Every structure is written in structure tokens, then in C-alpha cells.
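For reference, the structure discussed in these notes is given below.
The values are calculated or read from the model by the stated rules, or taken from the named source; none is laboratory data. In this text, all values refer to a predicted model and were calculated from it rather than measured experimentally. No Cβ is skipped: glycine too gets one built from the backbone with ideal geometry, and neighbour counts run over all protein chains shown. Each accessible area value is taken on the protein alone, full model and side chains, heavy atoms only, with ligands, DNA and RNA left out. Shrake-Rupley method; radii C 1.70, N 1.55, O 1.52, S 1.80 Å.
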Amino acid sequence: GFGALFEVSKEYKNPVLVTGTDGVGTKLMLAFKLGRHDTVGQDLVAMSVNDILVQGARSLFFLDYYACGKLDVDVAGRVVAGVAKGCELAGCALIGGETAEMPGMYPEGEYDLAGFAVGVVEKDLIIDGRTIQPGDTISALLGGPHSNGFSLIRKVVEVAGADWNMPFDGATLADRAMEPTRIYVKQVLEVMKSVKIKGMAHITGGGLVENVPRFFPGVQAVIDGKSWTRPAIFDWLQEKGNIDSHEMHRVFNNGIGLVVIVSAEDAEKARGAFEAQGEKVFTIGKVAKLPEGEAPCVVR
């Protein structure tokens with residue numbers, strides 16, 4: 001038909017729908033260059049389902065939009081297979097989508113992607129950060145470059161004269177750069193059954209310093225920049241690009257895909273719950289009072 005139908009489960013007493021839409025950004029340009037189309041579909045799903053997850057929402061369904069000048073069925077099939085894998089990881093339905101063929105709109109061999117996710121959360125379980133206070137613990141779940149900062153990544157590689165296929169960190173530089181965005185939905189929802197999560201941030205464009213404060217009620221996140229193991233690709237990018245530390249934390253996630261805030265007394269319980277889900281958790285800082293004139297998130 002012209003529209004997809006989805007019935008919301010009766011288990012919700014006061015269901016609130018949460019929506020998110022996003023793309024993959026200039027990571028697509030690297031996919032075109034390298035001929036790697038198998039993972040960008042997962043990137044697409046992750047960018048939306050992780051965004052709505054931070055408010056406590058379980059992803060219900062996802063729709064994708066694939067636009068190109070001339071359809072290459074093999075490439076499109078590989079992209080959509082990645083979308084399907086992402087939906088499986090998120091536990092949501094790939095309920096529909098659109099493939100648009102527009103001659104003259106896109107260069108040969110290129111395409112664009114957009115995605116849209118809808119989730120649901122019980123009204124009294126919405127995570128909005130309002131209970132965050134000084135003394136709370138800031139923890140992190142790890143990930144690679146995900147789908148942000150790729151304009152700078154490509155520029156650094158160009159300036160450094162590096163080969164995307166050169167050996168790097170047990171694989172190749174291309175392998176590390178193209179690792180798909182991690183999806184945290186199932187792990188977080190399971191932890192939420194036993195631990196009160198006060199706030200979360202999906203670290204995408206804007207990095208740590210701009211994403212963490214998006215749900216802060218007038219307090220400050222004080223993050224220790226040496227408290228987690230940063231993937232080697234970020235050390236390499238900083239060195240080869242001569243990028244200062246603040247810019248690194250503004251452009252990239254530096255290996256942190258999701259930030260989770262709980263009360264100090266729940267920190268160890270949360271760590272154990274995430275480890276039971278196969279996650280390695282780093283305590284990266286504390287919530288503090290916001291000094292006058294200072295930024296709401298500082299990485300020291």
C-alpha cells in the first residue's frame with residue numbers, strides 16, 4: 001500500500017511516541033571511494049535509534065530513503081541489507097522505505113541516505129535529565145568513529161598522504177574508519193529494568209562538549225580525558241592532523257558512543273548490569289555545580 005501500519009502494544013498504559021531522523025553524512029563519500037556499501041545501512045539505523053534511545057524509547061519501526069541518479073541493484077541491495085541488520089540489532093521493524101531514481105541529480109555511482117525511526121516510552125519513564133544533580137556519575141559505552149567527523153577524517157588522510165589500505169591497528173585504516181556505528185538499544189533497555197538512568201547522550205556531530213550538555217539542567221559535566229582507552233585511529237588523526245584536544249572533543253566522539261549518567265550510589269550496579277550485557281563501561285567523570293562563565297561540559 002501507500003502507507004505502513006503498526007499497532008502499538010497494549011502493554012503501554014500511557015505511551016509516548018519518540019521520533020528521530022538522520023543520515024550518514026560525509027561517511028558516504030568514503031563508502032563511494034572505497035566501494036564499501038555493506039555497513040552504511042547500519043550507520044543509518046544507528047543514528048536514529050540511538051538518538052531516541054536516550055529518552056528511554058524502545059524503537060518500534062524504521063523507514064529508509066535511498067536516492068540515486070541511476071539504480072545499481074547490487075549496491076542498493078548491500079545498503080538495504082545493512083539497514084536490515086541495524087534494525088535487527090535495534091529490535092525494530094523495517095516497516096517501509098523509498099527508493100528514488102532521479103537521473104541528473106547525483107553523480108554516477110553515488111547515492112544519498114536518510115532514515116526515520118519511531119519509538120515508544122511509558123510517559124512516567126521518559127528520561128529527560130531533570131533529576132541530574134552534582135555528584136552523579138558519568139559513564140561511557142565505547143564505539144569507533146561512528147558517522148561524524150568524516151569531512152575532517154578525509155582531509156587528514158589527504159594531507160598526511162596516507163593510504164586507506166595501509167595496515168592499521170590490526171586491520172587497515174579503511175577498516176577502522178568504516179566500522180559501523182554501534183547500536184546500544186537492547187543493552188540499555190535491559191539495564192533500565194534494574195537501574196535508574198538519569199540521562200544519556202548519543203555522541204555524534206558536536207562531540208562530547210556539545211552533546212552531553214543537551215540534557216543538563218544547569219549543571220556541569222566534568223570529564224577526565226584520560227579515563228578511557230581511546231581507539232588508535234583518534235590518536236593517529238590528532239597527530240597527523242595537528243588537531244588540538246578541544247577540537248578533537250568537539251568534532252569526534254573519541255571512542256565514546258554513548259554517555260550514561262546515574263547517581264553515585266547506582267554507579268557500580270549500573271556497571272555490573274552493562275557488563276552482563278557484554279559492554280565495557282568506563283567511569284569518565286562527575287556532575288558538578290556549574291561555575292559562572294564556564295561551559296556546561298569540560299574535558300580535562
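With a point put 7 Å past each Cα toward its Cβ, work out how far Asp224 is from Asp169 in nm, to one decimal.
Each label point lies 7 Å from its Cα, and together they span 2.2 nm.
Over the range 192-300, consider all pairs of different Cα atoms and compute the Kirkwood hydrodynamic radius from their mean reciprocal separation; express it in Å, one decimal.
14.8
Straight-line reach only, C-alpha to C-alpha below 13 angstrom: list the aspartates and glutamates that Lys123 could link to, leaving out same-chain residues fewer than 8 apart.
Cross-link targets: Glu11.
Please report the projected area of the range 1-70's Cα convex hull averaged over all directions, in nm².
Computing the convex hull of the Cα atoms and averaging its projections yields 6.8 nm².
Magnitude of the Cβ-charge dipole of the chain, K/R +1 and D/E -1, about the Cα centre, nearest 20 debye?
Rounded to the nearest 20 debye, it is 660 debye.
Using a Cα-Cα cut-off of under 18 Å, which aspartates and glutamates could be cross-linked to Lys13, ignoring same-chain neighbours fewer than 8 residues away?
Glu122, Asp124
Rounded to a whole number, what % of the accessible area of the range 57-192 do carbon and sulfur atoms account for, probe 1.4 Å?
Ligands and nucleic acids excluded, carbon and sulfur reach 53 percent.
Along the charge dipole of the range 189-300, Cβ charges K/R +1 and D/E -1, which of Ser227, Ala273, Gly257 sits furthest on the positive end?
Of the candidates, Ala273 comes out farthest on the positive side.
Express as a percent, rounded to the nearest 5, the fraction of DSSP beta bridges in the range 5-150 (both residues included) that run antiparallel.
Once the DSSP bridges in the range 5-150 are tallied, antiparallel ones form about 70 percent.
Can you list the HN-Hα couplings for the range 32-43, worked out from phi with the Karplus curve (6.51, -1.76, 1.60; θ = phi - 60°), rounded to whole Hz and with x for Gly and Pro?
Coupling constants for the range 32-43: 5, 4, 8, x, 10, 10, 7, 10, 5, x, 5, 4 Hz.
How large is the convex hull of the C-alpha atoms of the range 79-137 per residue, in Å³?
192
Cut-off 10 angstrom, C-alpha nodes, Gaussian network model of the chain. Which of Ala270, Ala177, Ala160 fluctuates the most?
Sorting by GNM fluctuation, first place goes to Ala160.
Residues with amide H under 5 Å of Cys297's amide H, sequence separation 5 or more or different chain, H placed in the peptide plane at 1.01 Å from N; which?
Residues meeting the criterion, in which the H sits 1.01 Å from N, are Ala221.
Once you order the gyration tensor axes a ≥ b ≥ c over the Cα atoms, which shape class does the range 2-158 get: rounded for a/c under 1.5, otherwise prolate or oblate by comparing a/b with b/c?
Verdict is oblate for the range 2-158.
Using each residue's phi in the range 77-82, evaluate 6.51 cos²θ - 1.76 cosθ + 1.60 at θ = phi - 60° and report the 3J(HN,Hα) Karplus result to the nearest Hz, with x for Gly and Pro.
Along the range 77-82, the couplings run x, 5, 5, 5, 4, x Hz.
Could you work out the relative contact order of the chain, using alpha carbon pairs under 8 angstrom and six or more residues apart, expressed as a whole percent?
Normalised by residue count, the contact order of the chain is 24 percent.
Can you compute the radius of gyration and Dmax for the range 122-231, using only the Cα atoms, both in Å?
For the range 122-231, the Cα-based Rg and Dmax read 17.3, 53 Å.
Can you compute the charge dipole magnitude of the range 49-171 about its Cα centre, using +1 on each Lys and Arg Cβ and -1 on each Asp and Glu Cβ, nothing else charged? Give it in debye, rounded to the nearest 20.
About 240 debye.
Under a point-charge model restricted to the Cβ atoms of Lys and Arg (+1) and Asp and Glu (-1), what is the dipole moment magnitude of the range 89-229 relative to its Cα centre, in debye to the nearest 20?
In debye, rounded to 20, the range 89-229 gives about 740.
From a point 7 Å beyond the Cα of Glu275 in the direction of its Cβ, which residues of the range 175-219 have a backbone N at a distance under 20 Å?
What the label zone holds, given the 20 Å backbone N cut-off, is 187-197.
Within straight cross-link reach of Lys27, meaning Cα distance under 30 Å, which lysines are found once same-chain residues fewer than 8 apart are removed?
Lys70, Lys85, Lys155, Lys186, Lys226, Lys240, Lys280
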